[in-house]
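The values are calculated or read from the model by the stated rules, or taken from the named source; none is laboratory data. All figures in this text were calculated on a predicted structure; none of them were measured in a lab. A quick note on method: Cβ atoms are made from the backbone with ideal geometry, for glycine too, and the neighbour counts reach across all protein chains shown.
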Amino acid sequence: MARKTHFAGAVTFVTALGFTFASAELSGANAQQGVETEVTASTPVPALTDETVPVFVSEPVVQPLPEAEEAEETATDAPQASSLRELVRITDTSADLSREMECLAGTVYFESRGEPLAGQLAVAQVVINRAESSRFPSSYCGVVYQRSQFSFVKGGKMPRITRSSTAWKRAKAIARIAHEGHWDSEARDSLYFHATYVRPSWSYRKAKRAAISTHIFYR
């Protein structure tokens, strides 16, 4: 959490109408406001005693910045749902997607639109995990368009999406849920997956994480 520390300090001077001048060197940081009294030339200037020595602030005053408080409030704004199906239903998909989110949702759509929601979320999680791994490109689109990684990509392009379909709306919701971390995926830290009807040679060297419908996920 961002923090800001405030320190207050001042040195108090006593002046006797320009006729009497007294000063004391102080090495502290806590000024106190005195009560105004009438001072004359004959008024004696009290000497500093143990009782009049300023009190030092031993600990800094710490106060959170407003933006930090706002961030904490925003963190509680995640949709509340008792199931992934309900979360998909209440997730807002009306906004236009950025190019990165389009790549993520497109992968869900083409790779797993016929799968149960848990399987679709797992596919999205693999793309996210790859983008966060140093072994793969650092963006969703970089991961999706990496050569020979996703079979639906043809000639470096994504096929046409039926944007009016329920499947596309669902894919957009899954992409947002995965991107914002609103639901834990069974795929966990998986970086690879394949369909159950094939057995690629690399799968023997990977750690299996989950099997969801027609896909198996590995780390």
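For the range 175-219, list the strands (runs of 3 or more DSSP E) that sit wholly inside it and hold at least 1 residues that are in the same structural domain as Leu97 (by TED's automatic domain parsing) and polar (S, T, N, Q); which are they?
Ranges flagged: none.
Of all residues in the range 117-154, how many are within 20 Å of Glu186 (Cα to Cα) and part of a loop (DSSP other than H, G, I, E, B)?
1
In contact with a strand residue (DSSP E or B) (Cβ under 7 Å, 6 or more places away or on another chain) and surrounded by 11 or more Cβ atoms within 10 Å (Cβ to Cβ): does that describe Ser190?
Spelling it out, Ser190 is indeed in contact with a strand residue (DSSP E or B) (Cβ under 7 Å, 6 or more places away or on another chain) and surrounded by 11 or more Cβ atoms within 10 Å (Cβ to Cβ).
Take the residues in the range 75-101 that are in contact (Cβ under 8 Å) with a residue 12 or more places away in the chain, within 23 Å of the chain's Cα centre (by Cα) and part of a helix (DSSP H, G or I), then tell me which one is surrounded by the fewest Cβ atoms within 10 Å (Cβ to Cβ).
Arg99
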